Amino acid sequence: MAGATVTNLPTAPPSDAYGPQGRSEWLDIDWREHLRWAEVHGRPVNYVDIGEGPAVVFIHGLSGCWQNWLENIPEFSRSHRVIAVDLPGFGDSPMPREKITINGYAAIVDGLLDGLGIERCVVVGNSMGGFIGAELAIEYSTRIEKLVLVSAAGITTHEMHNDKLLSGLRLAENFLAMGAIWFASRSHTLSRRKRLRKALMLMVAAHPDRLPAPLVAEQVRGSGKPGFMDAVEALGTYPLVDRLHRIEIPTLIVWGANDRLVPLRDAKRFEQEIGPNARRIVYADTGHVAMLERPARFNAEVEAFLAEDNDEQPGADSQ
């Protein structure tokens, strides 16, 4: 779409390391002090609430949980109030009363924010969480100040939806559910082995064997949850692309060039459909979870995006 601007940044900025470097800060946080429960639409929702300042809300993707943001929450909590939610049917949040839908999830996040007294916030969403973030920006536009989409679902996931896909995903989820029972108590031991880490996270990370064992163990906990298949159905049956032009807030689109789940072409399509308020950044040699694979760079670039004046939104497309 005319109006979208592109600026090439250096290929490898100083912070462009793969995976966490050194000891991760999240390992030294007593998360029990920051875990909360709220009743939203008649059902309990688990979430993390940490830090003070303008609110930033993190929304995980399919088979995810709030721990998908472990490498990011400590950084942003220094200057923001961070809310990281377990969507109903995932993490520790039980299934919602109603059928899982994308607009239903958006309404739950909006209801949670309302209950917390958060009138305005930034939303950062990965995969399905990006889809939900886009829905929030469309239907609850007065609530959302800025939007960050990390390998967001909603375009190809809708176009490729069919019975064959659903059958394959249902089979895969049955396997995950059985596997989750087996390694729930062993995930820390299993993830110490590089080959096993690669097998566990091959679909989401470009180099899962280069991610720390404790981080992989926390990601594995998100699999085998009851909301999976209903969420897959929601991803494939809810139209988004023809409504993206209604997003009028500044939007940063972050993608991994080696994303195996959501194709790189969707990054450009999100940018084109949203229009001049959107820009994209592509990380080379990175998969579906850029926030974990390139945490230092991701944190720095999102922080810079949040610090920008809303009237000054330069474009960027870099690897």
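If you scan the range 203-225, which residues turn out to be in a loop (DSSP other than H, G, I, E, B) and either at pLDDT 90 or above or surrounded by 17 or more Cβ atoms within 10 Å (Cβ to Cβ) (or both)?
The first filter runs over the range 203-225 and keeps only residues in a loop (DSSP other than H, G, I, E, B), leaving 203-207, 211-212, 221-225.
Across the range 203-225, the qualifying residues are Val204, Ala205, Ala206, His207, Leu211, Pro212, Arg221, Gly222, Ser223, Gly224, Lys225.
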Worksheet entry | Residues satisfying the stated conditions in the range 242-262, i.e. crowded, with 16+ Cβ neighbours inside 10 Å and either touching a Lys or Arg at 6+ places or on another chain (Cβ under 8 Å) or within 14 Å of Ser151 (Cβ to Cβ) (or both) | Ile249, Pro250, Thr251, Leu252, Ile253, Val254, Trp255, Gly256, Asn258, Asp259, Leu261, Val262
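Could you list, in sequence order, the residues of the range 85-144 that are among the charged types (D, E, K, R) and in contact with a Ser or Thr (Cβ under 6 Å, 6 or more places away or on another chain)?
To start, the set of residues in the range 85-144 that are among the charged types (D, E, K, R) comprises 86, 92, 97-99, 110, 114, 119-120, 135, 139, 143.
Answer for the range 85-144, where residues must be among the charged types (D, E, K, R) and in contact with a Ser or Thr (Cβ under 6 Å, 6 or more places away or on another chain): just Asp86.
State yes or no: is Asp86 in contact with a Phe, Trp or Tyr (Cβ under 8 Å, 6 or more places away or on another chain), in contact (Cβ under 8 Å) with a residue 24 or more places away in the chain and more than 25 Å from Ala278 (Cα to Cα)? So that I can check it myself, show each step before the final result.
Numbers: in contact with a Phe, Trp or Tyr (Cβ under 8 Å, 6 or more places away or on another chain): yes; in contact (Cβ under 8 Å) with a residue 24 or more places away in the chain: yes; more than 25 Å from Ala278 (Cα to Cα): yes.
So Asp86 fits the description; yes.
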Item to complete: Considering (1) in a loop (DSSP other than H, G, I, E, B); (2) at pLDDT 95 or above; (3) over 22 Å from the mean Cα position of the chain (by Cα), say which one Thr11 fails and leave the rest.
Response: (2)
Discussion item. Pairs needed: first member in the range 94-119, within 26 Å of Arg81 (Cα to Cα); second member anywhere, among the hydroxyl-bearing types (Ser, Thr, Tyr) and not in a helix (DSSP H, G or I); C-beta distance under 8 Å; at least 6 residues apart or different chains.
Written reply: Ile102/Tyr238; Asn103/Tyr238; Ala106/Tyr140; Asp110/Tyr140; Leu112/Tyr47
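What number of residues in the range 265-275 are of a type outside the set (Gly, Ala, Ser) and either touching a Ser or Thr at 6+ places or on another chain (Cβ under 9 Å) or in a strand (DSSP E or B) (or both)? It would help to see each step written out before you state the result.
Of all residues in the range 265-275, those of a type outside the set (Gly, Ala, Ser) come to 265-266, 268-274.
With the extra rule that they be either touching a Ser or Thr at 6+ places or on another chain (Cβ under 9 Å) or in a strand (DSSP E or B) (or both), the set shrinks to 265-266, 269-271, 274.
Of the residues in that region, 6 qualify.
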Worksheet item: Do you know which of the residues in the range 18-58 that are in a loop (DSSP other than H, G, I, E, B) and under 20 Å from the mean Cα position of the chain (by Cα) is farthest from Val254 (Cα to Cα)?
Response: His34
Item to complete: Could you tell me whether the range 271-289 includes any residue that is within 28 Å of Asn46 (Cα to Cα), among the aliphatic types (A, V, I, L, M) and in contact (Cβ under 8 Å) with a residue 40 or more places away in the chain?
Response: yes
Worksheet entry | So Val241, is it hydrophobic (A, V, I, L, M, F, W, C) and under 16 Å from the mean Cα position of the chain (by Cα) | no
Discussion item. Just to be sure I understand the filter: pairs with C-beta atoms under 7 Å, separated by 6 or more residues or on different chains, first member in the range 293-305 and closer than 18 Å to Ala278 by Cα, second member at pLDDT below 95 and part of a helix (DSSP H, G or I). Which pairs pass?
Written reply: none
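Could you say whether any residue in the range 294-316 is assigned to a loop (DSSP other than H, G, I, E, B) and farther than 22 Å from Val123 by Cβ? Steps first, please.
Kept after step one, since they are assigned to a loop (DSSP other than H, G, I, E, B), are these residues of the range 294-316: 294, 308-316.
Of the ones still in play, those that are also farther than 22 Å from Val123 by Cβ are none.
No, the range 294-316 contains no residue that is assigned to a loop (DSSP other than H, G, I, E, B) and farther than 22 Å from Val123 by Cβ.
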Item to complete: Could you tell me whether any residue of the range 247-254 is within 18 Å of the chain's Cα centre (by Cα), at pLDDT 85 or above, outside any loop (DSSP other than H, G, I, E, B) and of a type in the set (S, T, N, Q)?
Response: yes
Item to complete: Answer yes or no as to whether Arg294 is surrounded by 16 or more Cβ atoms within 10 Å (Cβ to Cβ), under 30 Å from Asp209 (Cα atoms) and modelled with pLDDT of 95 or more.
Response: yes
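The values are calculated or read from the model by the stated rules, or taken from the named source; none is laboratory data. Here the structure is a predicted model, which means the values were calculated and not measured. Note that each Cβ is placed from the backbone with ideal geometry, even for glycine, and that neighbours are counted across all protein chains shown.
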